[in-house]
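These notes are about the structure you will find just below.
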Amino acid sequence: MQFSQEQNAVWEALYARQLPRIRRHACRGYLEGFNFLGLPGDRVPSLDEVNRRLVPSTGWRAVRTHVRYSDAAPWYDAFARKRFLITDYMRTWDELDFTPEPDMFHDIFGHLPFMVLPAYARLQEMFAPAFLRSDACQREIIKRLAWFSTEFGLILEDGDLKVFGAGLISSSGEMDHVMAGGVPLRPFTVENVIGYEKAIYSFNEVLFVFESIEALEGELRRYFDTL
Ligand SMILES: [Fe+2]
């Protein structure tokens, strides 16, 4: 896929504004994956380029989708085959701070550094089988658990609050808001999370914190094992 000059320029601007933020606020795992992946700062990377690092690391592969906002079912079908869908849409200049639709900056910059990490890939691999064997009600709960962990979760590192979710990592507006203390935080438990809907068109009103990736995995497993 060829990218326009404008798409590359938006990527460059987003990358430049997020770099100091992720250095300060992102969790260690993300930064480790980010350094390993070596995303370019001045243009949108091709998927061949990112797959050269991603595929040998965890077996996951980034695959382009032309669907703007994928429905959960086809998305989890791809997930079950270790295919991570990357949209072909890039946000516009007036959406630099916040975009309700996941765009290729979110998908690549927010998610892919995590996907090169075996511990994180294992966590992601729990979702699709649970989703695919669930009924509609349970699927809604799984979507919320994913939303408040891999998209908007926060993690404690040596007592410090760090950003874990890809939705925060790729959104300077919401990341600043959260890290300035603008959002109430609660412990990530299934019971706490399921009462909250995903906030797609606004910032989240409450977010959830876990002690470690293993603690998150344990909490998810506690629910997924009942399905
Ligand atoms: Fe996402």
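I'd like the antiparallel share, as a percent to the nearest 5, of DSSP beta bridges with both residues in the chain.
Percent antiparallel among DSSP bridges in the chain is about 25.
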(message) Kirkwood hydrodynamic radius, computed over distinct alpha-carbon pairs, for the chain: how many Å, to one decimal?
(response) 17.6 Å
(request) For the range 34-88, go through all pairs of different Cα atoms, get the mean of 1/r, take its inverse, and jot down that Kirkwood value in Å. (result) 12.1 Å
(message) Can you show me the helix-derived [θ] at 222 nm for the chain, built from DSSP H runs with n ≥ 4 at -39,500 (n - 2.57) apiece and divided by the number of residues, rounded to the nearest 500.
(response) -14000 deg cm²/dmol
(request) Keeping all protein chains in position, work out how much accessible area H66 exposes to a 1.4 Å probe, and write it in Å² to the nearest 10. (result) 140 Å²
(request) Compute the Rg/Rh shape ratio of the range 25-133: radius of gyration over Kirkwood radius, all on alpha-carbon atoms. (result) 0.95
(message) Rolling a 1.4 angstrom probe over the protein chains, ignoring ligands and nucleic acids, what is the accessible area of M115 in square angstrom, nearest 10?
(response) 0 Å²
(message) Over the range 66-128, with the other protein chains present, what is the accessible area per residue in square angstrom, probe 1.4 angstrom?
(response) 39 Å²
(message) Let me spell out the model: positive unit charges on the Cβ of Lys and Arg, negative unit charges on the Cβ of Asp and Glu, origin at the Cα centre of the range 30-166. What dipole size does that give, in debye rounded to 20?
(response) 640 debye
(request) May I ask which residue of W147, N192, F224 lies farthest towards the positive end of the charge dipole of the chain, with charges of +1 (Lys, Arg) and -1 (Asp, Glu) on Cβ and the Cα centre as origin? (result) F224
(message) Placing unit charges on C-beta atoms (Lys and Arg positive, Asp and Glu negative, everything else neutral), compute the dipole magnitude of the range 100-227 about its Cα centre in debye, rounded to 20.
(response) 340 debye
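The values are calculated or read from the model by the stated rules, or taken from the named source; none is laboratory data. Nothing here was measured: the structure is a model prediction, and the numbers come from that model. FYI the Cβ positions are ideal-geometry reconstructions off the backbone, even for glycines, and counts take in every protein chain you see. Heavy atoms of the whole protein, side chains included, go into the accessibility calculation; ligands, DNA and RNA do not. Shrake-Rupley method; radii C 1.70, N 1.55, O 1.52, S 1.80 Å.
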